[in-house]
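Data first, discussion second: the structure below is written as structure tokens.
The values are calculated or read from the model by the stated rules, or taken from the named source; none is laboratory data. Since we're looking at a predicted model, the values are computed, not measured. Note that we place each Cβ from the backbone using ideal geometry, even for glycine, and neighbour counts take in every protein chain shown. The protein model used for the area step is the full one, side chains on, heavy atoms only, and it has no ligands, DNA or RNA in it. Shrake-Rupley method; radii C 1.70, N 1.55, O 1.52, S 1.80 Å.
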Amino acid sequence: QDSAQPVPNFTLLSCDVDLEAMQTMDFATRSAAPMTQTPPVLLDQAGIQALLDEYVTLYTDMRNTCAKMINKELVDAGEQNSMMILEVVGRYNGQLNGLNLATAFHRLARCTSEQQIPEVLLNPDFVKMLDMAQTLAHQELQHQTNSMTAKCSIMILWSLASLETFPTDLFSLLSRVAVPKLRTCEVHDITNLLWSFAKLYKIRPDLIPHVSMETPLVVNTSVDALSQHDLSSFTVQLLISALVSVATLPCQSHGAMWLFSACSQEVAKKWEQIPKKSRSHVAFSFRLMRLQNCLLANSVAKTVTQICPDMHSSVSRPRKGNNKQQKGKPAAQAAPAMVVQGV
């Protein structure tokens, strides 16, 4: 019988087989069925590139889907507690992209109480987050990846400042990632960058020498980016944040002086909207500016009191004998807490 004949050898790569038809044939018929040999297809350079592009697209889509899933888990964990966030970070160690990492830092800063900060900072998964941020920032600066955006780097800086931890090497790296792209950022991102550096200057003066090179660049580039926007459209919180930050930081360029003056005048126009606590931040900014540039502070104070006479007591120089600050005590120690900027 035909079934006694040997079955031809074939491979899936070299044969064009109609599987549906073959499934309806009996064994004898299948054994005798001729196998059509298909020669291998040779791709030219364009074909190879098209195939590679297809694979890259599929891989990128898969990574993006994974990143979105991780981000959702981080957001959900942030609704519970800081330990849950760190547990998610530990579970996906090595798979977080820049946005995932920024989300993790941001959620930690939002849900960690002052009493919990030491526990979070000593957690091994938080230490891994710092290492991952440094690695991604290095890769971004070397153009090896497009994972750490300016917005992500600023979000991490804001979060670290909110947690009152200042790894200066990471601060420098992240600011270098953010600064070249500040013009593409939103206003609150720019003021958050200024606020992060001002917070370091306020509560960790011992670390100032480690970021002194980056600070003028951060201030001047932020001023340039903010000058592209209409300050009258800024919220009161953004205006006061920029005002206090530029008064805290030591850079006294023409741009920084312009920003202090412009924000002060916009604050004067909105003075009636500002609650009492926030007004104390305005007064603090003028006290700080007098330590750096007394002429500027006095000149701006005169201008804003003409716009809003009710500001006089907050921005004018205190008379001798009315200043209750202890002699020799630094102004920053007697100052209210800095404006907390949201992201």
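A simple rule links phi to the HN-Hα coupling: the Karplus curve 6.51 cos²θ - 1.76 cosθ + 1.60 with θ = phi - 60°, which for region 128-142 gives 5, 4, 4, 5, 5, 4, 5, 5, 5, 5, 4, 4, 5, 5, 8 Hz, with x for Gly and Pro.
Restricting attention to region 167-229, which chymotrypsin sites (Phe, Trp or Tyr not before Pro) occupy a DSSP loop and are surrounded by at most 16 other Cβ atoms within 10 Å?
When the chymotrypsin sites (Phe, Trp or Tyr not before Pro) of region 167-229 are filtered for loop state and at most 16 Cβ neighbours within 10 Å, nothing remains.
Summarising the label geometry, the points placed 7 Å from Cα in the beta-carbon direction at Ser299 and Leu207 lie 3.4 nm from one another.
Given a cut-off of 20 Å, name the pairs among Lys199/Lys276; Lys199/Lys277; Lys128/Lys199 whose C-alpha atoms lie farther apart than that in the structure shown.
Lys199/Lys276; Lys128/Lys199
Each Lys or Arg adds one and each Asp or Glu subtracts one; over the other residues with Cβ under 12 Å from the Cβ of Asp169, this totals -1.
Over all projection directions, the Cα-based convex hull of region 87-235 averages an area of 9.1 nm². Surface composition of region 199-263: carbon and sulfur atoms hold 60% of the protein heavy-atom accessible area at a 1.4 Å probe. If Lys and Arg each add +1 and Asp and Glu each add -1, what is the summed charge of the other residues whose beta carbon sits under 13 Å from the beta carbon of Asp131? Residues close to Asp131 contribute a combined charge of -1.
Scaled against the 2.2 N^0.38 Å expected of a compact globular protein of N residues, the Cα radius of gyration of region 91-130 reads 1.17. Scaled against 2.2 N^0.38 Å for its residue count N, the alpha carbon radius of gyration of region 144-195 is 1.05.
How large is log10 I(q)/I(0) at q = 0.16, 0.18, 0.19 Å⁻¹ when the Debye formula is applied to the Cα atoms of region 198-275, each weighted equally and without solvent? For region 198-275 at q = 0.16, 0.18, 0.19 Å⁻¹, log10 I(q)/I(0) is -0.60, -0.73, -0.80.
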